[in-house]
Amino acid sequence: MNTSLHDLMSKIENIEFDARMNIFSGTRIFMSALQGNATIQQLTDELAKHPDARQEIFDHLLKLLDQNDDLNYAHPYDVALSTYLYALDQTDVALASEAAKILSQRKDLAWSRRLAHTIQENHKVNIGPVE
C-alpha cells in the first residue's frame with residue numbers, strides 16, 4: 001500500500017473525521033458533504049491515478065466491515081465505509097457495485113447502506129433494462 005493512500009485512510013478512519021461527517025442529517029446533505037470534502041477528493045484522485053489501489057480499498061472495506069462485534073449496534077466505521085464506497089463509485093463501477101451489494105445487506109450501517117442503495121439504483125438506471 002502506498003504511503004499517500006495509507007495516510008488518507010488513517011485520516012478517514014479517524015474519530016475526528018467521523019464526527020465531522022456525522023453532524024450532517026439527511027442522505028442528500030451527507031452526499032454533498034462526501035462530494036465536497038477535500039480528503040475524500042484526494043482519495044478519489046489517488047484511486048484515479050493508481051487503479052491497483054482500488055482493489056486495496058475494496059479489500060480494506062471488507063476487512064473494516066468485520067470490525068463490529070455486535071450487529072445490533074451501529075458500525076464504528078460506518079462513515080469510513082461510506083467514504084470508501086463513494087470513492088470506489090467515482091473510480092471503479094464494478095468494485096463499487098460489488099461493495100454496494102455487500103453493504104446494502106448490513107443492518108448495522110446507516111450512511112453506508114443508504115449510499116449503497118443509491119448506487120445500486122443509479123447503476124440500474126445507467127445500465128437500463130436487459131433485453
I'd like to check something: does the stretch 84-105 contain any residue that is in contact (Cβ under 8 Å) with a residue 24 or more places away in the chain, under 15 Å from Ser10 (Cα atoms), among the β-branched types (Val, Ile, Thr) and out of contact with any strand residue (DSSP E or B) (no Cβ under 8 Å at 6 or more places or on another chain)? no
Just one of Leu47, Leu62 is closer than 22 Å to Arg20 by Cβ and modelled with pLDDT of 95 or more; which is it? Leu47
Mind counting the residues in the stretch 1-55 that are among the small types (Gly, Ala, Ser) and not in a helix (DSSP H, G or I)? 2
Counting just the residues of the stretch 56-84 that are assigned to a helix (DSSP H, G or I) and of a type in the set (D, E, K, R), which one comes out nearest to Ala110 (Cα to Cα)? Asp78
Kindly provide the set of residues from the stretch 85-105 that are out of contact with any Ser or Thr (no Cβ under 8 Å at 6 or more places or on another chain), part of a helix (DSSP H, G or I) and small (Gly, Ala, Ser), ordered by number. Ala94, Ala96, Ser97, Ala99, Ala100
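The values are calculated or read from the model by the stated rules, or taken from the named source; none is laboratory data. The structure displayed is predicted, hence computed values, not measured ones. Here Cβ is always computed from backbone atoms with ideal geometry, including for glycine, and neighbour counts include all displayed protein chains.
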